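Colleague: Encoded as structure tokens, here's the structure I'll be asking about.
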Amino acid sequence: MKSFEEILELLKSNFSGENDISSSKEGTEDIINVSPSLIKEVSKFLASTEGLEFDSLILLSGVDDENGEKVKQEDESNDITGGTLSVYYHIESVKLVHKLILKVSVERENPVTTSVSSVWGCANWHEREAFDMIGIIFNEHPDLKRILMPYDWEGGYPLRKDYRNPEFYNGMKVPY
Amino acid sequence: MGPQHPSTHGVLRVELKLDGEKIIEAEPHIGYLHRCFEKHCEALTYPQIIPYVDRLDYLASMNNEFGFVLAVEKLLKIEIPERVEYIRVITGELQRIASHLVALGTFGLDVGAFTPFLFTFRDREKILNLFEITCGARLLYNYHWVGGVSHDLHPDFLRLTKEFIDYFRPKVEELNGLLSYNKIFIERTANIGVIPVDVAINYGVSGPSLRGSGIKWDIRKNDPYSIYNKFDFDIPVGQGLAGTLGDCWDRYFVRVLEIEQSLRILEQAIAQIPEGDVTSAIPKRVKPNEGISYARVENPKGELGFFIVSKGGVQPMRVKVRAPSFVNLSVFPEIAPGHMVSDVVAILGSLDIVLGEIDR
């Protein structure tokens, strides 16, 4: 079992790029920020290195950070430009009983990151949900399509803060 | 198969590619019960969310509330009176028994045993009666509140719960004789839907489905929350008694053994519960500081987690549910190929999914 600082140092020494790995504190939780281009390699490293062995992904959640520029529209809703969308990875080692939170932030206008479903199997559905709800695109995902919304939904990504209901869905009025 | 198939425990559609009766490929399609729970949360205050949380896994509402209030209390950093912790554990364990009874009964029903279903529902009814005198509701309670519970236990509650435990203990034996060791039932479930250990961990499978594969992993022991470290209980795991380790029968039998452990916890909790005020720590206004929190509890179905992102308002900025059934179902395409169509029913039944929390 390693402490947060030890894991952070280990990652920093193995992935040396500038600003690729950093740590931050949100509330009481320590978080390791990883750049989108590295997340797959970092995950692989965390899962397979002896002494870390993060063999299980508890939760992968997409979050709209709502930190862009807001423009109020006529119907009181906001349009948001700029800022970031984030993905939080809660991972844990069943074998060594320790936990870690990773965070990847992507630009709202270009929300592309890499899938970790080849490292943790359950990431497959979690990533599909993050794509469905927030609109984050996971490269190298085996089958990235909507999961909770209908497959032919074209009304956008419901959990984005600037989401607006479309007027029609398949010729039916929304809200009906 | 589905979405209106009786054995899918809700509205689940499974797309099967078959070679005769044999499954080549299986793909579940979900979302038929999607009702925007997470979007709703962003427009509600924290206490207002609790009734919605009930409707995730509607067979284990108490445990859902337990998880959610823990996540909010973690953000608020408040101390909970001891009596409240005991009440939460007692209601949570009763609910676990009720949920397992549904799981066992309907699993038998899925593979063709009708009588055990009637027996388990008869006993579950008694637990629902206990909840009814506690908070007036039988299924969706809104009982666990942030910082406490909505009101104290009924004066008769502990006596009735004790009576229930005495009544119920022999019934587990009855169920074993009726279903668990039934030859036809074993034929249908042993060696079917085996989840190997590494696959189970890699797919994040949790709860009885993980323990059925032989891993001693229970959040109540491995990452204790509330006051679970005060109780003496075991974690039953699958041993491959009827066939291969991690098959449908193992997952089934872990639930039976867990019922007995829950009874043990209940007895200890009833003996130890202190007097006290249950509403004293309920905050007037739930307005946590900025930050994130993830709290998880051992639900009857597996690990239920709530991930809350707060920006400091009275409403959360984001609530994400780690629904055990969602994750457990995602392993299905991995284990189904090679089995017969009729085994799909057994595998789904043994995973014990509830579509209410898969689709949210």
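The values are calculated or read from the model by the stated rules, or taken from the named source; none is laboratory data. The shown structure was predicted, so the numbers you read here are calculated from the model rather than taken from an experiment. Methodologically, a virtual Cβ is constructed for each residue, glycine included, from the backbone with ideal geometry; neighbour enumeration extends over all protein chains shown.
Colleague: Out of (1) within 14 Å of chain A (Cβ to nearest Cβ); (2) more than 21 Å from B:ILE265 (Cα to Cα); (3) under 19 Å from the mean Cα position of the chain (by Cα), the odd one out for B:LYS221 is which?
Modeller: (2)
Colleague: Okay, next question. Restricting attention to segment A:30-47, report how many residues are farther than 15 Å from A:VAL87 by Cα and either among the aliphatic types (A, V, I, L, M) or modelled with pLDDT under 80 (or both).
Modeller: Of the residues in segment A:30-47, 2 are farther than 15 Å from A:VAL87 by Cα and either among the aliphatic types (A, V, I, L, M) or modelled with pLDDT under 80 (or both).
Colleague: What is the one condition in (1) more than 15 Å from A:LYS161 (Cα to Cα); (2) outside any strand (DSSP E or B); (3) free of Cβ contacts under 8 Å to residues at least 40 places away in the same chain that A:SER43 does not satisfy?
Modeller: The one condition A:SER43 does not meet is (3).
Colleague: Another question, if that's okay. Looking only at residues in segment A:36-68 that are within 14 Å of another protein chain (Cβ to nearest Cβ) and among the polar types (S, T, N, Q), which one is nearest to the chain's Cα centre (by Cα)?
Modeller: Out of the qualifying residues, it is A:SER61.
Let's see how each residue does on (1) assigned to a loop (DSSP other than H, G, I, E, B); (2) aromatic (Phe, Trp, Tyr):
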site	(1), (2)
B:LEU16	no, no
B:GLU25	no, no
B:TYR32	yes, yes
B:LEU44	yes, no
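Colleague: Quick one: in segment A:70-88, which of the residues that are more than 11 Å from chain B (Cβ to nearest Cβ) and among the hydroxyl-bearing types (Ser, Thr, Tyr) is surrounded by the fewest Cβ atoms within 10 Å (Cβ to Cβ)?
Modeller: Residue satisfying both the conditions and the ranking: A:THR81.
Colleague: Here is a follow-up. Determine whether B:LEU355 is under 24 Å from B:ASP250 (Cα atoms), within 10 Å of chain A (Cβ to nearest Cβ), among the hydrophobic types (A, V, I, L, M, F, W, C) and crowded, with 18+ Cβ neighbours inside 10 Å. Working first, answer last.
Modeller: On the way: under 24 Å from B:ASP250 (Cα atoms): yes; within 10 Å of chain A (Cβ to nearest Cβ): no; among the hydrophobic types (A, V, I, L, M, F, W, C): yes; crowded, with 18+ Cβ neighbours inside 10 Å: yes.
In short, no.
Colleague: I would also like to ask the following. So in segment B:275-323, with the set limited to residues that are within 10 Å of another protein chain (Cβ to nearest Cβ) and among the basic types (Lys, Arg), which one is surrounded by the most Cβ atoms within 10 Å (Cβ to Cβ)?
Modeller: B:LYS320
Colleague: Sort through B:VAL321, B:VAL278 and tell me the only one that's at pLDDT 90 or above and either in contact with a strand residue (DSSP E or B) (Cβ under 6 Å, 6 or more places away or on another chain) or farther than 25 Å from B:ASN229 by Cβ (or both). Break it down stepwise before answering.
Modeller: On the way: B:VAL278 fails: at pLDDT 90 or above.
Unique residue meeting the criteria: B:VAL321.
Colleague: I'm checking my understanding of the structure. Among residues of segment B:1-37 that are out of contact with any helix residue (DSSP H, G or I) (no Cβ under 7 Å at 6 or more places or on another chain) and within 30 Å of B:LEU75 (Cβ to Cβ), which one is nearest to the other protein chains (Cβ to nearest Cβ)?
Modeller: Applying the filter and picking the extreme gives B:CYS36.
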